[in-house]
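A.B. asks: Below you'll find the structure I mean.
Readers should treat all values here as calculations from the given coordinates under stated rules, not as data from a laboratory. Keep in mind that this is a model prediction, so the values were computed, not measured. Cβ sites come from the backbone with ideal geometry, for glycine too, and all protein chains shown count toward neighbours.
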Amino acid sequence: MAMHDVAVVGYAETKIVEKTDRDIWEMQAEILESLLEKTGFEKGEIDGMILSSSMTGAGNAFWSQTTADQLALELDFCQTVDIGGCSPTGALARACMAIDAGFCTTVLCLYADTQASEANRQRPRSYFGEWQQPHGYLGPPAAFGLLSKRYEHQFGLDYRALAKLAVAQRGHSVLNDLACEKLRKPITEDDYLNSRMIADPIRLLDSVMVCDGASGLIVTSKKNAEKRGLNKCVVPIGYGERTNYRARDNIVDVTETGHLPAGARAFAQAGLKASDIASFHPYDDFIIAIMMQLEMLGFCKHGHGCDFVKSNDFTHTGSLPLNTGGGQISAGQAGLAGGGTNLIEAVRQLFGEGGKRQVKNTKNALVTGIGGIPYGRNWASSVVMIMTPNA
Amino acid sequence: MTAIKDTLDVKREPVPSRTFSKAYWDASREKKLIIQYDARTKRYQHFPRPASKVTGHRALEWREVSGKGEIFSYTIARRTREPFAGHEPFFIVMVTLDEGVNVMGNMVHCDLAEMKIGLRVKPYWAPLSNGTHLLMFQPDR
């Protein structure tokens, strides 16, 4: 057994909404029901569950147990993954591990957050209150402002290139019925450039909007999938994860990210290189993060992201389809479950179920995660996963 | 050009310290900047941690430094939350101290025209209600 002996046999997603009036457990129940209907599994056959972290679940140190109890799941493996926006893809990697190790056979990966309507983050134990909060460094926009200014200083920054990425993603959310309605209006490059500054040079249209939503996957061994006739499935073939890239350094080049080592590992395991990638589903909390990941994953050289963006077409029919559901920036960020949006879209495309936004080349897809806002570095965790349809 | 504010009027609570960072805040009472120093690797480190970032050993010294350095990067916060709401726009800067560590802070006595990456800065200590001070920066003209 190995990671590629494990298969994703079903995916599900709720609509992403600005503020839900539904309980988070009700949304999770909707995902579970949908996954059972799609895959034909009985509820009792699910023997593992892995949750992504959740602002709604924050403060409950027993989040995965409590959630499993609400859904009346009896499990041989149960945990929450807490690496921020990397948690959904990290949860899939851990599902592969648990199945590969023989701890369980069929895992529910469940990603849900209702952060917009119910955040329960009371007094998180962190260095934030001592070293970040006193300076008004209150969240991701300030972090990406500092990062962008530094990128601009080192390499120059063509805001038209960033605008092009924003417009391409927005075009995709217009085609995605599950994207947040408020965001399903086309934008132009000038709309992006003229949107108001939040934390210079971060603009409104650089940024995600916190929303509510849920998604999930059913993961089982490939052998089990075959036995049950679930031939349409997706197989992870490469994974890399890095938390606290350059943690020991005092002065870090913030234009370089943990996707460099995580990507190298994922590509080596998959036996692929950047130019082999058929569609790209990077974690997108801010537009510049997409461009930085293109550089770190070897689509272009470090510092050459703007040129690469300007010479490629990122629409679903283009040279490198990008976040074909709109990404989080244009579909809405379902709190800490938001990474599920990029991941589920990649799986959907490889299932060939992209509908109006189906990509032509479904040989593979690359998904990433970004998690955590540290002090003096860009972000805390980076993950990269490469997947293929069942060969 | 919009005037950039200095955040000195923000009602900040005293900062909660930890067993291994208390010395930093105690020194700030006398407007002294002390930084952790790892004698084994001859390196400074900030913010304070319970052990050396490089070796994991807990034997760390505190050394007083000038607090002079240069702007590594900056942003202008234009929309924030309490207690900063209404005090925008203000600078958040990352400063590379001459001793080789990056330190975050706000800027006083600095307008947009003067701000740039590489600008030389020196400390400005903003008083907090418990007698400690918060490290900020100002141009070292």
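A.B. asks: Are there any chymotrypsin sites (Phe, Trp or Tyr not before Pro) in the stretch A:52-136 that are in a DSSP loop and have at most 16 other Cβ atoms within 10 Å? List them by number.
C.D. replies: Numbers: sites: A:F62, A:W63, A:F77, A:F103, A:Y111, A:Y127, A:F128, A:W131; in loops: A:F62, A:F103, A:Y127.
Here the sparse-neighbourhood loop sites are A:F62, A:F103, A:Y127.
A.B. asks: While we're on this one: Which of the residue pairs A:K164/B:K116; A:K38/A:K363; A:K15/A:K185; A:K232/A:K360; B:K5/B:K31 have a Cα-Cα distance greater than 20 Å in the structure shown?
C.D. replies: Values: A:K164/B:K116 27 Å; A:K38/A:K363 23 Å; A:K15/A:K185 16 Å; A:K232/A:K360 17 Å; B:K5/B:K31 22 Å.
Long pairs (Cα-Cα over 20 Å): A:K164/B:K116; A:K38/A:K363; B:K5/B:K31.
A.B. asks: Where the centroid of each part is defined by its Cα atoms, how far is the stretch A:11-87 from the stretch A:231-253 in Å?
C.D. replies: 24 Å
A.B. asks: As a footprinting exposure proxy, order A:D307, B:D6 by other Cβ within 10 Å, with the fewest listed first. Let's see the in-between values first.
C.D. replies: Details: A:D307 13, B:D6 19.
Going from least to most buried by this count: A:D307, B:D6.
A.B. asks: How big is the gap, in Å, between the Cα center of the stretch B:55-118 and the Cα center of the stretch B:123-140?
C.D. replies: Computed from Cα coordinates, the inter-centre distance equals 11 Å.
A.B. asks: I'd like to know how chain A sits against the 2.2 N^0.38 Å rule of thumb: what's its Cα Rg over that expected value? Please list the in-between numbers first.
C.D. replies: Working: Rg = 19.4 Å, N = 391, 2.2 N^0.38 = 21.3 Å.
With N residues counted in chain A, Rg over 2.2 N^0.38 Å equals 0.91.
A.B. asks: With a sphere of radius 13 Å drawn around the Cβ of A:T315, what net charge do the other residues whose Cβ falls strictly inside it have (Lys, Arg +1; Asp, Glu -1)?
C.D. replies: Numbers: positive: A:K164, A:R170, A:K356, A:R357, A:K360; negative: A:D313.
Value of the local net charge: +4.
A.B. asks: Among A:R121, A:R246, A:R357, what is the fewest-to-most ranking by other Cβ atoms within 10 Å?
C.D. replies: So the ranking, lowest neighbour count to highest, is A:R121, A:R246, A:R357.
A.B. asks: Something else now. Starting from the Cα of B:A85, step 7 Å along the direction of its Cβ; do the same at A:E33; then give the gap between the two resulting points in nm.
C.D. replies: Taking the two extended label points, one gets 3.7 nm.
A.B. asks: Can you sort A:D249, B:D140 so the residue with the fewest Cβ neighbours within 10 Å comes first? Write down the numbers at each step before the final one.
C.D. replies: Values: A:D249 17, B:D140 14.
Ranked by crowding around the Cβ, least crowded first: B:D140, A:D249.
A.B. asks: Then there is this: Can you tell me, using C-alpha contacts under 8 Å and at least 6 residues apart, the relative contact order of chain A as a whole percent? Don't skip to the end; give the middle numbers.
C.D. replies: On the way: 931 pairs, mean separation 101.1, N = 391.
Relative contact order of chain A: 26 percent.
A.B. asks: Now a separate question. Under the definition of partner shielding as Cβ atoms of other protein chains within 10 Å of a residue Cβ, what is the mean value for peptide A:243-251? Display every interim value, and only then the final one.
C.D. replies: Working: counts 0, 0, 0, 0, 2, 8, 7, 14, 7.
Across A:243-251, the average partner-chain Cβ count within 10 Å equals 4.
A.B. asks: What does the charge add up to near B:E99, with Lys and Arg as +1, Asp and Glu as -1, over the other residues with Cβ less than 10 Å from its Cβ? Mind dumping the intermediate values first?
C.D. replies: Details: positive: B:R43, B:R63, B:K68; negative: B:D98.
Net of charged neighbours comes to +2.
A.B. asks: Sketch the reach of a paramagnetic label on A:E189 as a point 7 Å from Cα along Cα-to-Cβ, and name the residues of the stretch A:309-325 whose backbone nitrogen lies under 12 Å away.
C.D. replies: Within reach of a label on A:E189: A:309-312.
A.B. asks: Just to be sure I understand the model, the point goes 7 Å from the Cα along the line to the Cβ. What's the resulting A:E226 to A:T66 distance in nm?
C.D. replies: With each label point 7 Å from Cα toward Cβ, the separation is 4.3 nm.
A.B. asks: I'd like the distance separating the alpha-carbon centroids of the stretch A:200-229 and the stretch A:268-290, in whole Å.
C.D. replies: Answer, in whole Å: 15.
A.B. asks: Note down the net charge around B:W25, summing +1 for each Lys or Arg and -1 for each Asp or Glu among other residues with Cβ under 10 Å from its Cβ. Don't skip to the answer; put the middle values down first.
C.D. replies: Details: positive: B:R18, B:K22, B:R29; negative: A:E130, B:D26.
Its environment carries a net charge of +1.
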